[in-house]
Amino acid sequence: MTGKERILDALSGGKPAVSPVAIDYMLLYLAERIERAYVAAYRPRLERDGRVRPDPDEDVEIRAQALLQAHGCFQEQDDWFQVSGIPIPEVLARRELVLEGNQVFEVNHAAGTRRELLLDGEEAKTEEMRQRFQRTSQLGLDKAGLLQELAQHRESSRMARGNLRLVEILSGKMGDTRFLYTGESAPFWLLYDLLGFEGTMTALLDAPKLVFEIMEVALEATLEYAQAFKDAGGHGIRVEECLVSADMISPRMYERFVLPYEERLFEQLRRMGLKSILYFCGDVMPRLPALCQLPIDALMVEESKKNFVIDIGEVRDTVGPDLCLLGNVDAYGILEKAARAELAAEVKRQVRVAGRDGAFIVGLGSPVTLPTPPERVDLLIRAARDALSHAAAEDASRGDA
């Protein structure tokens with residue numbers, strides 16, 4: 001059974017003979033390795049000429065190879081593979097790679113921007129978000145300004161990942177063996193990008209009509225990208241939902257602002273033929289009765305943190321046997337820090353309490369922490385592959401007793 005088949009079996013409610021493993025946010029964990037492999041492909045020309053204007057057709061092949069090369073740090077491979085679109089050719093054509101000393105810069109001549117590569121990718125992202133928050137904080141709840149900002153955000157997102165050729169290439173290379181998925185945000189989560197935390201929470205009371213208008217646009221944009229991703233060869237989409245858990249907003253607010261858009265989003269994804277995984281952040285336990293009624297193929301939850309407890313066995317007991325669950329192994333306390341035996345024991349425990357009475361995929365509650373060695377990920381995958389056989393042996397020994 002291939003990894004793709006294992007994931008599809010579990011998402012359909014089945015129980016594969018070997019536990020599927022799906023470790024999310026690998027593009028974040030591997031970002032530095034991907035960028036180093038990408039720059040290394042251009043370095044001979046940079047050292048010769050000092051600057052390179054990437055050819056879009058060649059560049060997408062280089063990006064695909066860099067992504068695969070970065071994944072080569074693992075001896076074991078999980079069963080799915082995260083991929084997203086890349087900048088459209090018109091955007092790439094305006095960019096140039098420049099070597100100064102030993103430093104490589106990406107220069108966008110049209111936008112007048114200059115970014116040093118091979119730095120921590122979060123630095124550039126943090127600065128970009130800071131500038132955005134400065135703009136949107138000045139807007140307050142000005143409807144025209146926020147909708148204009150949203151339109152600009154949609155257009156920049158379209159241009160940044162509007163070329164799905166990378167998905168097509170990777171689908172051709174591994175589409176029969178790995179479950180190819182992309183990540184998206186739920187409509188409510190986009191409010192944070194525009195309004196910040198305080199602005200999002202106050203807008204629910206002060207500007208509910210504006211909230212609905214923003215989410216309508218967000219829903220449309222998400223569905224447009226999802227359809228394009230499927231057409232390029234993708235199999236599924238992981239939708240992240242934040243700031244709507246029981247520790248953030250009331251049940252009434254959740255039912256008014258969030259649940260209807262979740263229902264519409266996942267209904268449309270199902271009609272498209274895309275498998276859907278809802279990653280619900282925060283205290284999920286009071287929300288489970290509603291979530292298990294959504295037309296989702298799997299539910300992914302955080303690990304226990306922030307003064308709330310999420311035991312995957314209790315989640316299984318609450319949602320029943322029909323909904324596929326992804327495990328929530330603690331990315332920091334267990335994957336990065338725990339002894340090997342403790343890591344293996346936690347994986348086996350989760351398979352036992354959540355996988356015996358329903359479809360289950362071994363996973364993490366949060367992204368792999370950046371200091372975590374790749375070898376630790378290998379350990380988790382090996383433990384998952386052995387977990388069902390250990391559970392069967394325990395059952396047999398209990399029966400003999």
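The values are calculated or read from the model by the stated rules, or taken from the named source; none is laboratory data. Keep in mind it's a predicted model, so treat the numbers as computed, not measured. Backbone-built Cβ (ideal geometry, glycine too); neighbour counts: all protein chains shown. Note: accessible area is taken over every heavy atom of the protein model, side chains too, but ligands, DNA and RNA are not part of it. Shrake-Rupley method; radii C 1.70, N 1.55, O 1.52, S 1.80 Å.
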**Asked** For the range 240-253, in order, what is each residue's ³J(HN,Hα) by Karplus, 6.51 cos²θ - 1.76 cosθ + 1.60 with θ = phi - 60°, in whole Hz (x at glycine and Pro)?
**Response** 8, 10, 10, 6, 10, 6, 5, 8, 10, 10, 6, x, 5, 5
**Request:** Would you please give the FRET efficiency between A246 and A93, computed as 1/(1 + (r/R0)^6) with r the Cβ-Cβ distance and R0 = 51 Å, to the nearest 0.05?
**Result:** 0.60
**Message:** Quick check for you: with a 1.4 Å probe and neighbouring chains kept, what is the accessible area per residue of the range 1-100, in Å²?
**Reply:** 43 Å²
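Is the chain best put as rounded, prolate or oblate by its Cα gyration tensor, with a ≥ b ≥ c the root eigenvalues, rounded for a/c under 1.5, and otherwise prolate when a/b is larger than b/c, oblate when not? Mind showing how you got there, number by number?
Details: a/c = 1.86, a/b = 1.21, b/c = 1.53.
Cα axes put the chain in the oblate bin.
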**Request:** Write out the GluC sites (Glu not before Pro) in the range 1-55 meeting two conditions: DSSP loop, and at most 14 other Cβ atoms within 10 Å of their Cβ.
**Result:** none
**Prompt:** Counting only protein heavy atoms and using a 1.4 Å probe, what share of the accessible area of the chain belongs to carbon plus sulfur, as a whole percent?
**Reply:** 49 percent
**Request:** Calculate one ³J(HN,Hα) per residue across the range 371-380 by plugging θ = phi - 60° into the Karplus curve 6.51 cos²θ - 1.76 cosθ + 1.60, and present them in order as whole Hz with x for glycine and proline.
**Result:** x, 5, x, x, 4, 5, 5, 4, 4, 4
**Distance between modelled label sites at E100 and R53, nm, 7 Å Cα→Cβ extension** = 2.0 nm
**Complete:** Phi-derived 3J(HN,Hα) across the range 337-342 with the Karplus relation (6.51, -1.76, 1.60, θ = phi - 60°), rounded Hz, x for Gly and Pro, is 10, 6, 5, 4, 5, 5
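So which trypsin sites (Lys or Arg not before Pro) in the range 219-313 pass both tests, a DSSP loop state and at most 12 other Cβ atoms within 10 Å of the Cβ? Please list the in-between numbers first.
Details: sites: K230, R238, R252, R256, R264, R270, R271, K275, R287, K305, K306; in loops: K306.
In loop regions of the range 219-313 (DSSP not H, G, I, E or B), the sparsely surrounded trypsin sites (Lys or Arg not before Pro) are K306.
With r defined as the distance between the Cβ atoms of E263 and E314 and R0 fixed at 30 Å, what FRET efficiency is calculated, to the nearest 0.05?
Given R0 = 30 Å and the Cβ-Cβ separation, E is 0.75.
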**Message:** Going by amide H atoms built from the backbone, whose H comes under 5 Å of the H on I361, apart from near neighbours?
**Reply:** L325, L326, G327
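Looking at the chain only, what percent of DSSP beta bridges run antiparallel? Nearest 5 please.
Details: 14 of 39 bridges.
Beta bridges within the chain, antiparallel portion: roughly 35 percent.
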**Fill in**
Listed by chain and number, the residues whose amide H is under 5 Å from that of F179, excluding neighbours fewer than 5 places away on the same chain and using placed H, are K4, W80, F81
**Fill in**
Taking placed amide H atoms and a strict 5 Å upper bound, the residues 5 or more places from V104 or on another chain that come that close are L117
**Request:** Let me know the charge dipole size of the chain about its Cα centre in debye, to the nearest 20, where only the beta-carbon of Lys, Arg (+1) and Asp, Glu (-1) is charged.
**Result:** 340 debye
**Asked** Can you list the lysines whose alpha carbon is less than 24 Å from that of K4, not counting same-chain residues fewer than 8 positions off?
**Response** K15, K173, K230, K275, K348
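Out of the range 81-114, which trypsin sites (Lys or Arg not before Pro) are coil in DSSP terms and have no more than 15 other C-beta atoms within 10 Å? Don't jump to the answer; show the numbers that get you there.
Values: sites: R94, R95, R114; in loops: R94.
Here the trypsin sites (Lys or Arg not before Pro) that fit, given the DSSP loop and packing criteria, are R94.
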**Prompt:** Treating the beta-carbon of each Lys and Arg as +1 and of each Asp and Glu as -1, no other charges, what is the dipole magnitude of the range 198-276 about its Cα centre, to the nearest 20 debye?
**Reply:** 320 debye
